[in-house]
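Input: a single structure, listed below in C-alpha cells.
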Amino acid sequence: MTSKPIRVGIVGTGRISDLHAIEYLNNPAAQITALCDRDASIAQGRAQAWGCTDAAIETDLDALLARDDVDLVELLLPHHLHLEAALKAMDAGKIVSLQKPMCMNMDEANQLVEASEAYSRPFKIFENFIFHPPVMKAKALIEDGAIGTPLSIRLKSNPGTSKTAWEVPGAADAWRQSIEAAGGGPLVFDDGHHKFALAWHFMGNPEEVHSFIHQTERPTGGFFDAPSIVSFRFPGQRIGNLEVVYSPDLEIASQYYAQDDRVEITGTSGILWINCGHGQIGDPAPLVLYRDGDVTEYRDIAKGWEQSFVQSTRHFLAVLRHGGDPKLTAREGRDVLRFALAAEQSAREGRAIEIVEAK
Ligand SMILES: NC(=O)c1ccc[n+]([C@@H]2O[C@H](COP(=O)([O-])OP(=O)(O)OC[C@H]3O[C@@H](n4cnc5c(N)ncnc54)[C@H](O)[C@@H]3O)[C@@H](O)[C@H]2O)c1
C-alpha cells in the first residue's frame, strides 16, 4: 500500500495497449514511466500518441525489469511468452498485471499460482469483460435477487465486418493463427477466455464441458474457429453455453474489434440480457431486465468497451492503495483457463470433459 503514484511499465505496446493506457494516463495514482516492445518504433509511436514522451523506451524485457523507476508491469505479450515474462517480473520484485489467458496450459498455470502465492506483492490476471459496466450492473442486480437463482447463461460471440472498427495490425493476427503462440483458436480460446470468465463470474466453476469447434477460412486469409458451440453444466443442474458464429458480411458498429457479444442469464424469476461487448448491433439498451411481467431497460450505463479496461485497471489501482485481492487472482485465472482448455480438449477428443478442480 502506498500513496505515491505507481510507476508503470507497459510490456508489449501492441494493439490492446491503447486501452490499458487510458486509466494509467488519467488516474493520479499511476504514472507510465517506461514502455517496452521488441520493436522500438511501436513503443515510440505509443509514447507519442499517449503524450508520455518522457517515458523510457526499452526493447528488452530484462532491461525493463532492471529499471528502478518501474513498480508495476503490465504484460501485454503473445500468450506463449506470458509464463516466462510473469516469472521474471516476480523475480525482479515488480507488481504484476498479466493479460489473459495467464498462460498456455495447466502445468504453466500451476507454476504461476504457486509462484504468485509465494510472492509478497500483488499479482493480477487482467480480465476486463467482468468489469464492463453493463456486466457489473447485471451482477449487482443478481446479487439483489432481481432474477431469483440464476439457472442458465447463454453467451453469443459474433464477429463480422465494421466500417468503424480499429485497424488490427497483421502481426497481431499472425501469432493468433499459430497454436504454438496462441494456445488455441482466436475465437473460442483467445476471445472465448472472456466468455468463459463471464460464465464463471455469474455461475461458478463448471463440472462438465462439451464442445464442437469448426474452422472457417476468412476472405482476408487465415481462419476463425467458428461456427462453434460449447456447452457446460454447473453444480446443481444449472447450465450454460457459448455460441460463436462468424458472419463475414454482418455490419457491426464498433470502435474496436468488429464483433457483437450478447449474454442472456435466466433465473428462477427473471431474465437479464446484456446487449453489448466489443461492439453492438442496432441500439438496444445495454442491459435489460424482465421480471413480474415488466421489462426494465437500463440505458444510463456506459457501454463503450474501453470502459471494461478502465474499470479493471481502476480496481487494481484501488487494491494497490487500499489492499484486498485483485480480480482475477492467479487461482481464479487458472479456473477460467481450465474452462477454456476443456472446451478445446472436448472438440479434439469428441467427448464431454469432466472438470476436476485443483485444491
Ligand atoms: N482483454 C482483452 O479484451 C484483450 C484484447 C486483445 C488482446 N488481449 C491480450 O493482450 C495480449 C496482447 O495482444 P495484442 O492484440 O495487443 O497483440 P499485439 O501482437 O498487437 O501486441 C503484442 C506486442 O508485443 C510485442 N512483443 C512480442 N514479443 C515481445 C518480446 N519478447 N518483448 C517485447 N515485446 C514483444 C510485439 O512487437 C507487439 O507489439 C495478449 O495476451 C492478448 O490475448 C486482450
Take the alpha carbon atoms of the range 1-137, find their radius of gyration, then divide it by 2.2 N^0.38 Å using N residues; give the quotient. 1.02
Tilt relative to the chain, helix 330-349 - C-alpha long axis, 0 to 90 degrees, to 10: 60
Degrees separating the helix 82-91 axis from the principal Cα axis of the chain, which is the longest one: 50
At most 12 other Cβ atoms within 10 Å and a DSSP loop assignment: could you name the GluC sites (Glu not before Pro) in the range 154-213 that fit? Glu167
From DSSP H assignment alone, runs of 4+ in the chain each adding -39500 (n - 2.57), the sum over residues rounded to the nearest 500 puts [θ] at 222 nm at -10000 deg cm²/dmol
Debye log10 I(q)/I(0) at q = 0.15, 0.19 Å⁻¹ for the range 294-359, Cα point scatterers: -0.79, -0.87
The chain: angle of helix 106-117 to the longest principal axis, Cα-based, in degrees nearest 10: 60
Counting DSSP beta bridges in the chain, what percent are antiparallel, to the nearest 5? 60
Rounded if a/c is under 1.5, else prolate if a/b beats b/c, else oblate: with a ≥ b ≥ c from the C-alpha gyration tensor eigenvalues square-rooted, which is the chain? rounded
Solvent-accessible heavy-atom area per residue, rounded to whole Å², over the chain at 1.4 Å: 43
Which one of Ile213, Phe234, Ala89 is farthest out on the positive end of the charge dipole of the chain, using unit charges on Cβ (Lys, Arg +1; Asp, Glu -1) and the Cα centre as origin? Phe234
When every protein chain stays in place and a 1.4 Å probe is rolled, Ser120, Ser17 sorted by accessible area with the largest first are Ser120, Ser17
If the only charges are +1 at each Lys and Arg Cβ and -1 at each Asp and Glu Cβ, what is the size of the charge dipole of the chain around the Cα centre, to the nearest 20 debye? 560
Between Rg and the Kirkwood Rh of the range 262-329, both from Cα atoms, what is the Rg to Rh ratio? 1.09
I'd like the carbon and sulfur percentage of the solvent accessible area for the chain, probe radius 1.4 Å, heavy atoms only, ligands and nucleic acids excluded. 49
Ignoring ligands, DNA and RNA, how do His20, His210 rank by accessible area with a 1.4 Å probe, largest first? His210, His20
For the range 14-59, which trypsin sites (Lys or Arg not before Pro) pass both filters: DSSP loop (anything but H, G, I, E, B) and at most 16 other C-beta atoms within 10 Å? Arg38
Does the range 133-237 classify as rounded, prolate or oblate by the C-alpha gyration tensor (a ≥ b ≥ c root eigenvalues; a/c under 1.5 gives rounded; else a/b over b/c gives prolate, otherwise oblate)? prolate
Phi to ³J(HN,Hα) by Karplus 6.51 cos²θ - 1.76 cosθ + 1.60 over the range 132-148, Hz, x for Gly, Pro: 5, x, x, 6, 5, 5, 4, 4, 5, 4, 5, 5, 7, x, 4, 10, x
Measure of size requested: the Rg and Dmax of the range 205-307, with Cα atoms as the atom set and Å as the unit; please supply both. 16.2, 49
In the full protein assembly as shown, how much of Arg233 is accessible to a 1.4 Å probe, in Å² to the nearest 10? 90
Is the range 71-118 rounded, prolate or oblate when judged by the Cα gyration tensor, a ≥ b ≥ c being the square roots of its eigenvalues, rounded requiring a/c under 1.5 and prolate requiring a/b larger than b/c? oblate
Residue separation between Glu117 and Glu357 times 0.36 nm, minus their alpha-carbon distance, gives in nm 84.7 nm
For the range 89-206, with only Lys/Arg (+1) and Asp/Glu (-1) charged at the beta-carbon, what is the dipole magnitude about the Cα centre, in debye rounded to 20? 500
Order of exposure, largest accessible area first, which applies to Tyr298, Tyr290 with probe 1.4 Å: Tyr290, Tyr298
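The values are calculated or read from the model by the stated rules, or taken from the named source; none is laboratory data. No experiment lies behind these values; they were computed from the predicted model shown. Note that each Cβ is placed from the backbone with ideal geometry, even for glycine, and that neighbours are counted across all protein chains shown. To get the accessible areas, we keep the full protein, side chains included, count just its heavy atoms, and leave off ligands, DNA and RNA. Shrake-Rupley method; radii C 1.70, N 1.55, O 1.52, S 1.80 Å.
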